[in-house]
Amino acid sequence: MDIGMKIISCGLFLLVVTSCLLQGSLYAKDVDINNKGKLSVKGLPDNTSQDNGLDVSNKGLASMALHSHLNRNVPKNAVTPKLDLQLFVDSKSGYNLHILYEDFELESPEFLDLPKRKVEGHAHLFINGKKVQRVYGAYLHLEPNLFEPGVNSISVTLNSHDHDTWSIDDKPIVATYFINNQVSPLIQHYFSAFPVLRSAY
């Protein structure tokens, strides 16, 4: 398999794992990250795994990707929203999360309008697959009591004002961190379905 196909396979694997976390068919405690950076998911067929070498060996994971929120495809005449996350350890407690986005109007419903080429709405924050809150701004503080000891996931989706998840060809616009608060480095894996260009920040 050439490197391009390995990268696509890696991205699809993390997208499906993230989808399963968000809809509750998978829990962060079922995700294991060993000391070589290999990510494996307990209970999945074909010994599904993903590591830093981009080796993905699953044939049945996609069938588990059920969604608890409806997907809403971005209209064809609108630009594709992009989403990335930055996570920082707070100097006093917990973490600070920065949501980076492009071509999306992140706002509360009171400011609903009809943008010409951008979709709008808010974000949803999930910790270990459980929805924690709606998000109307780019910066959040995450209290330490939101996390279990060990491996945890932090996911953000972009959503319409009626809570549907904005998607491209039924692929949700989502970004996810897998962290382990008992080892260094804290951040074990990161994935964004539609990342912001890195030169933008």
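For this structure, a couple of remarks:
- Members of segment 102-124 found to be of a type outside the set (Lys, Arg), farther than 14 Å from Pro81 by Cβ and in a loop (DSSP other than H, G, I, E, B), listed by number: Ser108, Leu112, Asp113, Leu114
- Residue check, Asn145 in a helix (DSSP H, G or I) and on the phi < 0 side of the Ramachandran plot: yes
- Of everything in segment 141-168 that is among the hydrophobic types (A, V, I, L, M, F, W, C) and surrounded by 15 or more Cβ atoms within 10 Å (Cβ to Cβ), the residue that is nearest to Glu105 (Cα to Cα) is Leu158.
- When restricted to residues that are at pLDDT below 50 and not in a loop (DSSP other than H, G, I, E, B), segment 60-87 contains 4.
- Test: residue in segment 109-118 that is open to solvent by less than 50 Å² (accessible area, probe 1.4 Å) and touching a Phe, Trp or Tyr at 6+ places or on another chain (Cβ under 9 Å): no
- Qualifying residue in segment 125-140 (condition: in a loop (DSSP other than H, G, I, E, B), touching a residue at least 60 places away in the same chain (Cβ under 8 Å) and surrounded by fewer than 14 Cβ atoms within 10 Å (Cβ to Cβ)): no
The values are calculated or read from the model by the stated rules, or taken from the named source; none is laboratory data. This structure is a prediction, so every number in the text was calculated from the model and none was measured. Counting neighbours? That spans all protein chains shown, and the Cβs are built from the backbone with ideal geometry, glycine included. Surface accessibility is based on the protein's heavy atoms, side chains included, excluding ligands, DNA and RNA. Shrake-Rupley method; radii C 1.70, N 1.55, O 1.52, S 1.80 Å.
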